[in-house]
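Below: one structure, written as structure tokens.
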Amino acid sequence: MPATKIFDPQVVSLLQEKVQLIQTGEGAIYLVGPINLPVNLMGETVEFRWYCWLNCSEVTDDMERIIAKLSSANLAEFQQSSVLVHGDFRNVDHALIRFHSICHTGDIFGSKRCDCGYQLKQSMKHIAEHGHGALFYLANHEGRGIGLFSKAMAYILQENGYDTVDANHKLGFVDDARDYSDAIEVLKALRTKPVTLITNNPRKLEALKAAGMDVEDRVQLWGDVSEYNEKYLKTKIERSGHLNEGEGCCHND
């Protein structure tokens, strides 16, 4: 890193106030935010506060060094995760959270082959209506952790009769390779009080509890069922252990 690189002191000061260092066993997580982010949510403008985080092996609170490190690496090649916070997330007694795995096809294109896009918007809606909460949008979770290219190959197998689990296995992957440790460290930095988790996935509950987080409740989220994703949703329950407590998730009413 060039030792002669000098940054505007005002810029350094502004960023210093907005970057939090979270030390981990393998280095540090740098959490930048909050940044005001008005969001178009189903036709209404909702005010969120946006955070983003970056993993790094180096631990430093020298903001000039952090900036220089960013500009010397091509971070556009790597995905970084986000958090959308609404209301008084840190202090309120009851808050909702959602750990949402990135889904290029569902979240961006509106694919009907999964329920990810629906779950993303509905989670944001639940948080906004509740008044306090946070949505963690988790990078490197595409295809349950196998990546976008591998997910595309898995889709080809699914079009030829394999379910989601078998398609991943045939490509040499486990059913679910996602890791929530970074998200949990960021959650701990933003809130220490109990949370209510929006999920159908017991593995997310287990990850939070194993990390010592107090989960006071769970909200299930089924919907947007169609001929295109009915098998996918049934596989979630029958083979991946997703929880379905009385709500007809796999019936297109």
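All of the numbers you see were taken from the coordinates with simple rules; none came from a lab. Since we're looking at a predicted model, the values are computed, not measured. We place every Cβ from the backbone using ideal geometry, glycine too, and count neighbours over all the protein chains shown.
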### Task
Give, as a single signed number, the net charge of other residues whose beta carbon lies under 13 Å from the beta carbon of Gln16, with Lys and Arg counted +1 and Asp and Glu -1.
-3
### Stokes-Einstein D for segment 120-201, Kirkwood Rh over Cα pairs, 20 °C, 1.002 mPa s (µm²/s)
144
### Query
For Leu171, what is the net charge nearby, where nearby means another residue's Cβ is under 12 Å from its Cβ and Lys, Arg count +1, Asp, Glu -1?
+1
#### Entry: FRET efficiency, 1/(1 + (r/R0)^6) with R0 30 Å, evaluated for Ile156 and Glu129 via beta carbons
0.15
### Task
Only loop residues by DSSP count here, and only those with at most 14 other Cβ atoms within 10 Å; note down the chymotrypsin sites (Phe, Trp or Tyr not before Pro) in segment 35-132 that meet that.
Phe78, Phe109
### Query
Using unit Cβ charges (K, R positive; D, E negative) and no other charged atoms, how large, in debye to the nearest 20, is the dipole of the chain about its Cα centre?
200
### Query
For the chain, what log10 I(q)/I(0) values come out of the Debye formula at q = 0.11 1/Å, with one point per alpha carbon and no solvent?
-0.66
### Quarter of the Cα convex hull surface for segment 117-157, i.e. its orientation-mean projected area (nm²)
3.4
### Neighbour-limited loop hits for trypsin sites (Lys or Arg not before Pro), segment 1-75 (at most 13 other Cβ within 10 Å; DSSP other than H, G, I, E, B)
Lys5, Lys18
### Query
What does the charge count near Leu135 come to, summing +1 for each Lys or Arg and -1 for each Asp or Glu among other residues with Cβ under 14 Å from its Cβ?
+3
### Query
How far, in nm, would the chain grow between Leu37 and Asp179 when pulled straight, counting 0.36 nm per residue and subtracting the alpha carbon separation?
48.5 nm
